[in-house]
Amino acid sequence: MSASLVAGPIAALVEATTRGGHSPRAMVDAALAAMDAAHVGPEGLNAVLWRDDAEARAEADRLSAAPPAHDAPLLGVPIVVKDNIATTILPTSCGSRLLDGYVSPFEATAVTRLRHAGAVIVGKANMDEFAMGSSTEHSAFGPTRNPVDPSRVPGGSSGGSAAAVASGAVRVALGSDTGGSVRQPAAYCGIVGVKPTYGRVSRHGLVAFGSSLDQIGVLARSIDDAARVMDVIAGHDPHDATSLVAPLASCREALTARLDGVVIGVPSEYFTDALDPVIRDRCERALDALRVLGATTREVHLPHTGLAIPVYYIVAPAEASSNLARFDGIRYGQRRVPPGGGLTELYETTRSAGFGPEVTRRILLGTYVLSAGYYDAYYRRAQAVRQRIRDDFVRVFASGVHALFTPTAPTVAFPFGAKADPYEMYLSDIYTVTANLAGVPALSLPIGRVGGLPVGGQLLTAHGDETTMFRVAGALEALLGEEAHR
Ligand code: GLN
């Protein structure tokens, strides 16, 4: 098994395991060697927190000895999973001291579906603690480095997943996206990141951050790879009450070469002075490419875009403060017993020692906006504005626009420590939080580089319309070709 095969597209990899005479075991061995070569562990990129190579090999051996009788579209594909998605073999720490060593007794539905399709989990990826952050600098296990430039952040919070894929160690990884955590690190690392429609992929087994915003997403090297993984993990799940019932047509089969008749909206609110001019330039080039493909582009307006960051930083912390109440030292993870203290003291010492500063800030903020006296002024008002942000999208997609094109992030990957002010960090999500607030699907793909650093372009489509999003992304990726990485 050559290392180049495991680095190639999933289509070729699966062809090799199903018809080419290569076993899933050989594929997993090659991936484990590639992870070593890329130094994905703590001494290098610090992208992968937990590995159990013996277990990964044993799983691959089981698949090699008895290939599944059913269709296995990911047979032998090695996959890395973000550490807030439950697996029963490896720990699920959420990048937090509080859950250090915690192993879930059950498996996330998305992981079960991947394994059923023949994929093998080879590691759990580093992340900002409880997925709160935009740089993976908030992990209790130390920051992840960007493989493109190790002096810079990989983005976040799914920075470990993005770095594992961008390093060449694996072709695909799962992440989670509450306000941009799949798309923004994908942009910073020069890969593809997909946030599906809210409810498209089951959240069962995803440790909750902001439940009305959270979605499991895919980080991949190509649109075709991402589409293949989406086709496996999407679909209704009775374990998740918010899971969409309507089935998703194949994303992979939606890929076409031309975009004649497709109308692309360009929202002027995403192209303001906050945008780095060199990123704007790469976006213009991508829009030219879309026109060459037969699409028409038109300026559109999403007037409530400017309110998205304040609304998100009320809604997400409010939900987080409630979701994280369960980490009390009794039921999960680490317990700190204070000398001579009672139950309240146990909660206090466990939570004070277990949560890092960003998580603590969010819990305090969330508790504040939900408290009597402030609920109406902050939380209720934020919900009302959220509805207007949603309405903006509904209106623009009802006006004959099939997809929107925007930058993914206002800047390229920044150096470690560059955004010490939390509010500055929050502004990295200015173009991504809207899709979570509205529940619509969004995807980031590489559209060029600036000074060697990757730039991402974002495509958004109407609620439930992943297929148009993949269609436009696939055609754009094919036309840009190597230019997307220059
Ligand atoms: N960066 C955003 C935040 O800190 C989004 C995080 C996410 O999508 N998980 O909340």
**Report entry** Residue in segment 155-197 that is nearest to Val111 (Cα to Cα), counting only those that are β-branched (Val, Ile, Thr) and within 12 Å of the ligand (Cβ to nearest atom)
**Finding:** Val182
Query raised in the report: Looking only at segment 122-154, which residues are closer than 27 Å to Ala30 by Cβ and within 12 Å of the ligand (Cβ to nearest atom)?
Result: Met127, Thr136
Report task. Only residues that are part of a loop (DSSP other than H, G, I, E, B) and among the hydroxyl-bearing types (Ser, Thr, Tyr): list them for segment 219-274, please. Result -> Ser222, Thr242, Ser243, Ser250, Thr256, Thr272
**Report entry** Long-range neighbours under 7 Å by Cβ, at least six apart or interchain, first residue in contact (Cβ under 8 Å) with a residue 12 or more places away in the chain within segment 315-340, second surrounded by fewer than 18 Cβ atoms within 10 Å (Cβ to Cβ) and of a type in the set (Val, Ile, Thr)
**Finding:** Ser321/Thr367; Arg336/Thr349
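Would you mind stating whether Val111 is at pLDDT 95 or above, in a helix (DSSP H, G or I) and within 27 Å of Ser222 (Cα to Cα)?
yes
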Query raised in the report: Are there any pairs, at least 6 apart or on different chains, whose C-beta atoms fall under 8 Å, with the first in segment 31-46 and free of Cβ contacts under 8 Å to residues at least 24 places away in the same chain and under 14 Å from Gly142 (Cβ atoms) and the second of a type outside the set (Val, Ile, Thr) and in a helix (DSSP H, G or I), and if so, which?
Result: Gly41/Met35
Requested in this report: Give just the number: which of (1) of a type in the set (A, V, I, L, M, F, W, C); (2) over 30 Å from Ser211 (Cβ atoms); (3) in contact with a helix residue (DSSP H, G or I) (Cβ under 8 Å, 6 or more places away or on another chain); (4) surrounded by fewer than 22 Cβ atoms within 10 Å (Cβ to Cβ) does Ala66 not satisfy?
Outcome: (3)
Query raised in the report: (1) in a helix (DSSP H, G or I); (2) among the polar types (S, T, N, Q); (3) touching a Phe, Trp or Tyr at 6+ places or on another chain (Cβ under 6 Å): which one isn't true of Thr406, the others all being true?
Result: (1)
Report task. Among the residues of segment 92-106, write down those that are exposed (fewer than 15 other Cβ atoms within 10 Å of the Cβ) and either free of Cβ contacts under 8 Å to residues at least 24 places away in the same chain or more than 15 Å from Gly354 (Cβ to Cβ) (or both). Result -> Val103, Pro105, Phe106
Requested in this report: Within segment 339-373, track down each residue that is closer than 17 Å to His138 by Cα and away from the ligand (no atom under 16 Å from the Cβ).
Outcome: Arg351, Ser352, Ala353, Gly354
Query raised in the report: Any idea which of Gly329, Gly373 is part of a loop (DSSP other than H, G, I, E, B), surrounded by 13 or more Cβ atoms within 10 Å (Cβ to Cβ) and at positive phi?
Result: Gly329
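The values are calculated or read from the model by the stated rules, or taken from the named source; none is laboratory data. Computed from a prediction, not measured in an experiment: that's the story for all the values here. Cβ: placed from backbone, ideal geometry, glycine included. Neighbour counts: every protein chain shown.
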